[in-house]
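A short worksheet on the structure shown next.
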Amino acid sequence: MATSVSAAELPSWDFSKDAGGWASGGVWNYDGAPTISYDEKIGDGSIKLDVDFHKKIKESWSEVKLHNSASDSSPLVLDGCDMLTFDFYFNPNNMTNGPFKAKIYMKSDANVEVVNVCPDINVLAASPVEGTNLKKVKVSVPFQAVTANVVYFDFSVVSSYTNYKGEIYVDNIALGKRG
Ligand SMILES: [Ca+2]
């Protein structure tokens, strides 16, 4: 009997069990060493970034990277993927000015840069998270549609003239298709 195979779902990470292959990917124009860890509480599992951008308040770009090591060994097969969404948690008491940006960067197995976008994170759209000092905003990042085997995948939080010092959480990183 034939078994129908549904189209592969686009990858997503809800961090319900672990960091899902995401780990520190280094920094760019950042002073010090951020601490990247798995947090089991916020968002029922998320990635925690302990960062300090205050020495870079005069800089338009100070970057803390997460790297997806799972895609190093087993390519992410993308077919018409043109969007990434994620949840961004921050503590508004930890900063007096902004904004943040996200940077999404992917390279294919043909060594082609298939995604390289860095939209602003609209912190003004964030809502308070009950029982915490945090605010949360869902961020949608559109990009030109990609059909490729992705073998290099970075997700960065970028400070643009912020003095943010403290914890940031990232959750529900999901690749998808618009419309
Ligand atoms: Ca989660």
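The values are calculated or read from the model by the stated rules, or taken from the named source; none is laboratory data. Just so it is clear, the model here is predicted, and its values are computed rather than measured. Reconstructed Cβ throughout: ideal geometry from the backbone, glycine too, with neighbour counts over all protein chains shown.
In contact with a helix residue (DSSP H, G or I) (Cβ under 9 Å, 6 or more places away or on another chain) and more than 24 Å from V146 (Cα to Cα): is that true of S37 in this structure? No; evaluated as a whole, the condition is false for this residue.
Yes/no per residue for (1) among the hydroxyl-bearing types (S, T, Y); (2) within 12 Å of the ligand (Cβ to nearest atom); (3) over 30 Å from T96 (Cα atoms):
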{"site": "Y30", "(1), (2), (3)": "yes, no, no"}
{"site": "P34", "(1), (2), (3)": "no, no, no"}
{"site": "K48", "(1), (2), (3)": "no, yes, no"}
{"site": "E63", "(1), (2), (3)": "no, no, no"}
{"site": "H67", "(1), (2), (3)": "no, no, no"}
{"site": "D79", "(1), (2), (3)": "no, no, yes"}
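Look at the range 116-145: where a residue is under 16 Å from I173 (Cβ atoms) and a partner is in a loop (DSSP other than H, G, I, E, B), sitting 6+ places away or on another chain with Cβ atoms under 6 Å, you get K136/A126; K136/V129; V137/A126; V141/P119.
Return yes or no: is E59 at pLDDT below 95 and more than 16 Å from the ligand (Cβ to nearest atom)? Judged against the criteria, E59 is a match.
Filtered by the rule that a residue be among the hydroxyl-bearing types (S, T, Y), part of a strand (DSSP E or B) and surrounded by fewer than 19 Cβ atoms within 10 Å (Cβ to Cβ), the range 46-99 gives a lone residue, T85.
Candidates are the residues of the range 147-169 that are within 16 Å of the ligand (Cβ to nearest atom) and out of contact with any Phe, Trp or Tyr (no Cβ under 6 Å at 6 or more places or on another chain); the one that is farthest from L49 (Cα to Cα) is F155.
In this structure, V115 does not satisfy being in a strand (DSSP E or B), modelled with pLDDT under 95 and within 23 Å of G176 (Cβ to Cβ). With respect to V115, determine if the residue is within 16 Å of the ligand (Cβ to nearest atom) and under 18 Å from the mean Cα position of the chain (by Cα). Judged against the criteria, V115 is not a match.
If H54 passes every condition in (1) within 18 Å of F153 (Cα to Cα); (2) at pLDDT below 95 but one, which one does it miss? Evaluating H54 over (1) within 18 Å of F153 (Cα to Cα); (2) at pLDDT below 95 leaves (1) as the failure. Against the numbered list (1) charged (D, E, K, R); (2) farther than 18 Å from F100 by Cα; (3) in contact (Cβ under 8 Å) with a residue 12 or more places away in the chain; (4) in a loop (DSSP other than H, G, I, E, B), E9 comes up short only at (3).
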